[in-house]
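Notes follow the structure.
The values are calculated or read from the model by the stated rules, or taken from the named source; none is laboratory data. Because the structure is predicted, anything quoted here is derived from the model rather than measured. Note that each Cβ is placed from the backbone with ideal geometry, even for glycine, and that neighbours are counted across all protein chains shown. Each accessible area value is taken on the protein alone, full model and side chains, heavy atoms only, with ligands, DNA and RNA left out. Shrake-Rupley method; radii C 1.70, N 1.55, O 1.52, S 1.80 Å.
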Amino acid sequence: MLNLDKNMIALIMIGGESRRMGGGIKSFIKFNDKYIFDRVLETAKKQIKKIIINCNVEETKLYKYKIPIIKDLKNGYMGPLAGIHAAMSWIRNNDPQIEWLITLPGDTPFIPADLISNFKNKILHNTKIILAQSENKIHPIVGAWHLSLYDSLDSQLDLGIRKILSWAELHPLDFVKYPIESFDPFFNINTKEDINIAAKIEKKFFLEKS
C-alpha cells in the first residue's frame with residue numbers, strides 16, 4: 001500500500017491574472033486582518049507535509065514562506081491546466097517519488113480540514129483524477145492528479161485544451177463530495193463583494209467559535 005504522506009504534494013495555485021479584482025495577486029488581499037493565502041496555507045499544512053506554489057508574477061510577499069515557487073512552462077497564459085503541468089514537471093525533476101499532486105486554489109479561504117484525507121480515501125488503482133464537488137457544483141481546481149498523466153497533459157495543452165474538465169474527463173475520474181450547509185466550503189473570491197461575503201462567513205462560522 002502506498003505511503004501517501006510521502007507520495008503526495010500540494011500545489012497552491014495563485015498563478016491567475018485576477019482581472020476582476022483589477023490585477024495583481026488576490027491571494028494577498030486581506031479580510032479580517034489576514035491574507036487569503038495564509039488561510040489556505042495554514043489549512044494545507046495541517047493536512048500534508050510537502051507544499052509548492054504556482055505563481056507567474058514576481059511577488060516578494062511569497063519569499064518569506066520559503067516554499068518552492070513554480071512558474072508556468074508553456075508560453076502565454078493558458079490557465080490553471082498550465083499550472084498543474086508546470087507542477088508535474090517540477091515534481092518529475094525534483095521529487096520523483098511523488099505520485100499524487102493535490103491542487104488548491106489560492107482564492108478559496110475555507111477549504112475543508114478533511115479534504116486531503118478524503119482524497120486519500122478515494123485513491124484507487126483505476127482512479128487517476130479526483131475532484132471536489134459541493135452538491136452539484138464541481139470545483140475543477142480542487143483536485144488530486146496522478147503523475148502518470150503528465151504526458152497526456154503536455155500533449156493536450158499543445159493541442160489547445162484549456163478547460164480542466166475537458167482534459168480530466170479523458171481519464172478515470174472520481175469525486176469527493178461535500179454538502180452546502182451554511183456556506184459553500186469551496187467559496188472562492190473573485191470580486192470585491194466576495195471579500196465582504198468571506199469576511200461575514202468567517203466572523204459567523206469561524207471566529208465566533210474560537
Could you check the simple spin-label distance between Ala199 and Lys64, using points 7 Å along Cα→Cβ, in nm with one decimal? 2.1
Rounded to the nearest 500, what is the 222 nm mean residue ellipticity of the chain from helices alone, with -39500 (n - 2.57) per DSSP H run of 4+ residues and division by all residues? -8500 deg cm²/dmol
Any idea of the accessible area per residue across the stretch 38-165, 1.4 Å probe, to the nearest Å²? 47
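Tell me, what % of the accessible area of the stretch 89-200 is carbon and sulfur with a 1.4 angstrom probe?
C and S fraction of accessible area: 48 percent.
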Which values, in whole Å and largest first, are the semi-axes of the equivalent ellipsoid of the chain obtained as the square root of 5 times each eigenvalue of the Cα gyration tensor? 26, 20, 17
Which whole-number percent gives the relative contact order of the chain, counting Cα pairs below 8 Å spaced six or more residues apart? 23
Tilt of helix 36-45 relative to the longest C-alpha principal axis of the chain, in degrees (0 to 90, nearest 10)? 60
Against the longest principal axis of the chain, how steep is helix 80-94, in degrees 0 to 90 to the nearest 10, with axes from Cα atoms? 60
Rounded, prolate or oblate: which one fits the stretch 1-122, using the alpha carbon gyration tensor with axes a ≥ b ≥ c (rounded when a/c is under 1.5, else prolate when a/b beats b/c, else oblate)? oblate
Residue span His171 to Asn94: 0.36 nm per residue of separation minus Cα-Cα distance leaves a gain in nm of 25.2 nm
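Using the C-alpha gyration tensor of the stretch 81-171, what are the square roots of 5 times its eigenvalues, in whole angstrom, with the largest one first?
Ellipsoid half-lengths, sorted descending, are 20, 16, 13 Å.
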